[in-house]
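Every number here is computed from the coordinates shown, using simple stated rules; none is lab data. Bear in mind the structure is a predicted one, so any value in this text is a computation, not a measurement. In this analysis, Cβ positions are derived from the backbone assuming ideal geometry, glycine residues included, and neighbour counts consider all displayed protein chains.
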Amino acid sequence: MSKPSSRPEPRISRVGRASAQEHAGRELIEPRELVDAPFMPGQSPSLGARRALLLMVTTAAAEGFSDKVYRLSKRELRQGHESNDRIGALVDEVISIRFQIPGLSSRGRAAIIKAHLFEEITEETDEGNSAWIEFEFSHRARVLFGASEVYAVLNRTAVLAFDGKYAITLYQLGCLYSGRRDPTIRLTVPELRTRLGVPEGRYSDWAQIRRFVLGSAKEEVDHLAHFQLSIREHREGRKVVAVTLGFWRKDDPSIDAAVDELDRSKVGRKARRTGTVKQAETRAANIYKELTDSLPGLDVDKIPEL
DNA sequence: CCCTTAGGAACATCCACGAC
DNA sequence: GTCGTGGATGTTCCTAAGGG
């Protein structure tokens with residue numbers, strides 16, 4: 001890694017521990033194994049819990065997930081909110097997070113490993129700014145994440161800027177995949193649901209997932225991240241059975257625009273985002289008009305969609 | 001700590017497409 | 001044609017999150 005610049009560097013680091021220390025402060029890091037781990041069935045942590053988890057993981061990653069008690073001040077954890085009134089609920093949520101990964105049993109057979117992320121979380125009852133929470137990762141988490149060689153590097157400001165829990169999770173995936181030669185990942189719809197932590201029974205049909213999960217998350221990610229999200233649907237008949245997500249690195253001016261947006265106030269961000277969308281729609285409408293005006297015989301409906 | 005509000009979630013309706 | 005399935009879109013209600 002060279003000197004820090006105003007623009008984010010490529011998001012992959014192969015030197016986990018050193019990198020964690022180097023990036024401490026402006027960036028958050030997360031071991032690949034955790035980014036890639038699907039949520040357990042029924043688990044769908046809130047936006048606040050997902051952010052808190054990242055802060056906690058970064059803290060431990062800086063020390064290679066060694067066996068010790070880590071701590072964060074409540075002030076850091078509450079993420080700008082001027083009171084500690086929701087820290088208790090946040091801790092409840094975070095400590096219940098579990099993960100599952102493929103692995104081996106003690107006699108070497110293929111197995112699914114399910115484990116708690118945290119051994120223990122201690123919350124000081126003091127309400128002042130100096131109060132902290134202490135946390136220990138579970139043995140399984142330490143062994144797995146401590147051995148990780150690939151870390152996703154996330155922009156701390158971006159993580160704190162996202163408004164949607166699915167956006168933040170897609171951003172994590174994107175930070176891991178966007179630096180790869182093939183920055184795409186194909187997931188069946190059920191896989192997509194567990195990856196993003198969509199609760200079972202919610203968003204029963206694809207239209208709802210696209211609208212409330214992918215659609216709104218894509219808007220946010222495209223606006224704030226250093227990569228652009230593409231979504232390709234795969235159908236069997238009319239039914240959408242799988243999607244290919246692509247995390248394409250933006251060109252430099254677009255990355256600068258995203259970084260600039262992170263520097264601006266959160267207030268009005270959505271308006272700026274939808275404003276951009278409106279401009280794009282106007283442009284698309286103009287192109288459409290030019291096309292149909294200049295080629296009167298053209299049947300636009302016969303042109304396949306890109 | 002409390003108030004406000006954006007947006008999440010549920011529900012309803014309509015539309016498109018394919019099988020028959 | 002009609003029937004069933006799946007997708008698109010609009011409406012309403014409520015809650016979580018942000019801000020004073």
Legend entry - Neighbourhood net charge (11 Å Cβ-Cβ; Lys/Arg +1, Asp/Glu -1) for A:I209: +2
Legend entry - Pairwise FRET efficiency - A:S105 versus A:L55, Cβ, R0 = 35 Å, nearest 0.05: 0.60
Inset, instruction - Anything over 26 Å Cα to Cα? Flag those among A:K68/A:K165; A:K218/A:K239; A:K218/A:K250; A:K114/A:K218; A:K114/A:K239, in the order listed. - result: A:K68/A:K165; A:K114/A:K218; A:K114/A:K239
Legend entry - Approximate spin-label separation A:A131-A:E63, in nm, with each point projected 7 Å along Cα-to-Cβ: 2.3
Legend entry - Interchain or long-range residues, amide H under 5 Å from A:E27's placed H: A:R156
Legend entry - Phi to ³J(HN,Hα) by Karplus 6.51 cos²θ - 1.76 cosθ + 1.60 over region A:242-253, Hz, x for Gly, Pro: 7, 9, 10, 9, x, 10, 9, 4, 6, 6, 4, x
Inset, instruction - Using amide H atoms built 1.01 Å from N in the peptide plane, name the residues 5+ places from A:I113, or on other chains, whose amide H lies under 5 Å from its own. - result: A:I101, A:G103
Inset, instruction - Enumerate by residue number the trypsin sites (Lys or Arg not before Pro) in region A:160-192 meeting two conditions: DSSP loop (anything except H, G, I, E, B), and at most 11 other Cβ atoms within 10 Å of the site's Cβ. - result: A:R181
Legend entry - Cβ-Cβ FRET estimate between A:A147 and A:K250, R0 fixed at 35 Å, reported to 0.05: 0.60
Inset, instruction - Alpha carbons only, please: Rg and Dmax for region A:66-207, in angstrom. - result: 17.7, 51
Inset, instruction - Enumerate by residue number the GluC sites (Glu not before Pro) in region A:150-253 meeting two conditions: DSSP loop (anything except H, G, I, E, B), and at most 16 other Cβ atoms within 10 Å of the site's Cβ. - result: A:E200
Legend entry - Relative packing of peptides A:93-99, A:104-110, A:170-176, A:130-136 - highest average C-beta neighbours within 10 Å first: A:170-176, A:93-99, A:130-136, A:104-110
Legend entry - When region A:84-141 is reduced to its Cα atoms, the Kirkwood hydrodynamic radius in Å: 13.3
